[in-house]
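Notes for the one structure printed next.
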Amino acid sequence: MQLKLLCVGDVVGNPGRRVLKAGLEKLVPEHGIDCVIVNAENSAAGSGLTASQYKKLVAAGANLLTLGDHVYRRRDIIPVLESEENIVRPANLPMQAPGKQIGLFETAAGPRVAVISVLGRMFMKPPTDCPFAAVDRVMKKVPADVKVVVVEIHAEATSEKVAMGWHLDGRVSVVFGTHTHIPTADEHVLPGGSAYITDLGMTGPYDSVLGRDKQRVVGTMISGVPSAFDVAEHDARMCGVIVSVDSTTGKATSIERVCYHGDAHGM
Ligand SMILES: [Fe+2]
Ligand SMILES: [Fe+2]
């Protein structure tokens with residue numbers, strides 16, 4: 001059986017949440033998507049995810065959720081991370097860090113999908129364990145019946161993301177990058193059968209600097225004077241990839257970039 005996965009990049013603030021809802025309403029039926037995986041680390045005003053937003057994203061059609069370096073910015077997400085099956089914390093945080101390291105979702109068609117997320121180490125905070133060793137450790141704990149495994153590398157450096165793709169090729173269905181908020185044009189299926197992209201791009205306002213008010217960011221970069229980087233408003237888009245996977249082997253057969261444009265004047 002072919003399963004179709006939609007992987008969606010970092011949801012930023014209210015414009016991101018709104019365009020995600022509209023984008024899923026359109027793309028999920030249009031493409032016959034079986035499972036939607038969403039990075040939600042910037043949902044709450046640009047940093048973190050609240051418990052009530054978690055519920056809204058799930059109601060909007062997010063089946064599996066990942067976070068990133070902003071995982072614990074909103075503390076009320078911690079009980080959600082500890083209790084829900086479909087949301088994960090980065091796997092290479094300290095062992096005592098709250099939250100699950102494997103997220104699971106049972107598709108309507110039957111096969112289950114697993115997601116694992118790791119943080120990169122180059123130019124990243126907080127300090128973490130080796131993401132390559134962490135993903136190898138966690139993959140041993142994926143239930144044997146789960147053949148479709150998705151890995152997120154949430155990292156700044158393209159080299160670290162590309163290396164993770166090669167490290168996992170043939171052992172997982174998809175490796176996608178997040179965190180840099182800019183879609184990359186390198187989506188392809190690696191020789192071993194893992195679909196790969198360096199960055200999904202963000203889901204949020206593109207009339208901005210990575211989702212933040214452009215005047216504030218540019219002004220701060222020019223003057224050196226810090227200011228509050230509010231979430232921008234306009235040109236909201238939902239960006240990601242659609243991957244077809246053979247649910248028996250777990251191998252990907254295709255990967256295609258998608259970008260849903262919301263209201264050009266803001267959401
Ligand atoms: Fe992000
Ligand atoms: Fe991030």
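The values are calculated or read from the model by the stated rules, or taken from the named source; none is laboratory data. This is a predicted model, so every value here is computed, not measured. So basically every Cβ, Gly included, is an ideal-geometry build from the backbone, and we count neighbours across all protein chains shown. Side chains included, ligands, DNA and RNA excluded: accessible areas come from the protein's heavy atoms. Shrake-Rupley method; radii C 1.70, N 1.55, O 1.52, S 1.80 Å.
Collect the residues in segment 60-73 that are open to solvent by 20 Å² or more (accessible area, probe 1.4 Å) and either touching a Ser or Thr at 6+ places or on another chain (Cβ under 7 Å) or within 16 Å of ligand 2 (Cβ to nearest atom) (or both), keeping them in residue-number order.
Across segment 60-73, the qualifying residues are Asp69, His70, Tyr72, Arg73.
Restrict the check to segment 74-81 and report whether at least one residue is away from ligand 1 (no atom under 14 Å from the Cβ), acidic (Asp, Glu) and surrounded by fewer than 20 Cβ atoms within 10 Å (Cβ to Cβ).
yes
Cβ contacts < 7 Å: first residue in contact (Cβ under 8 Å) with a residue 12 or more places away in the chain, restricted to segment 179-195; second residue assigned to a strand (DSSP E or B) and within 16 Å of ligand 1 (Cβ to nearest atom), any location; separation 6+ or different chain. Result?
Pairs found: His179/His154; Pro183/Cys239; Thr184/Ile197; Asp186/Ile197; Glu187/Ile197.
Could you please find all residues in segment 230-267 being modelled with pLDDT of 95 or more, in a loop (DSSP other than H, G, I, E, B) and not β-branched (Val, Ile, Thr)?
If the condition is that a residue be modelled with pLDDT of 95 or more, in a loop (DSSP other than H, G, I, E, B) and not β-branched (Val, Ile, Thr), then Asp230, Ala232, Glu233, His234, Asp235, Ser247, Gly250, Lys251 are the ones that fit.
Here is a list: Ser223, Ser244. Which entry is more than 16 Å from ligand 2 (Cβ to nearest atom), more than 24 Å from Val36 (Cα to Cα), open to solvent by 10 Å² or more (accessible area, probe 1.4 Å) and not aliphatic (A, V, I, L, M)?
Going through Ser223, Ser244 in turn, just one is more than 16 Å from ligand 2 (Cβ to nearest atom), more than 24 Å from Val36 (Cα to Cα), open to solvent by 10 Å² or more (accessible area, probe 1.4 Å) and not aliphatic (A, V, I, L, M): Ser223.
May I ask you to verify whether Ala45 is away from ligand 1 (no atom under 15 Å from the Cβ), in contact with a strand residue (DSSP E or B) (Cβ under 8 Å, 6 or more places away or on another chain) and under 19 Å from Ala232 (Cα atoms)?
no
In this structure, does Met139 turn out to be farther than 21 Å from Val8 by Cβ and out of contact with any strand residue (DSSP E or B) (no Cβ under 8 Å at 6 or more places or on another chain)?
No.
Out of all the residues in segment 14-42, which are of a type in the set (Gly, Ala, Ser), closer than 13 Å to Arg237 by Cβ and either open to solvent by 10 Å² or more (accessible area, probe 1.4 Å) or within 16 Å of ligand 2 (Cβ to nearest atom) (or both)?
Matches in segment 14-42: Gly16, Ala22.
Checking the condition more than 16 Å from the chain's Cα centre (by Cα) and closer than 21 Å to Val245 by Cα, which residue from Ala195, Ala108 passes?
When all the criteria are applied, what remains is Ala108.
Given the structure, is Ile222 part of a strand (DSSP E or B) and among the β-branched types (Val, Ile, Thr)?
So Ile222 does not fit the description; no.
Answer yes if at least one residue in segment 181-200 is under 20 Å from Pro131 (Cβ atoms) and of a type in the set (Asp, Glu), and no otherwise.
Yes; the residues of segment 181-200 include at least one that is under 20 Å from Pro131 (Cβ atoms) and of a type in the set (Asp, Glu).
Given the condition open to solvent by less than 10 Å² (accessible area, probe 1.4 Å) and under 25 Å from Cys35 (Cα atoms), answer yes or no: does some residue in segment 93-102 qualify?
no
Just need a number here: residues in segment 209-227 that are within 16 Å of ligand 1 (Cβ to nearest atom) and either of a type in the set (Val, Ile, Thr) or touching a Lys or Arg at 6+ places or on another chain (Cβ under 9 Å) (or both).
Selection size over segment 209-227: 2.
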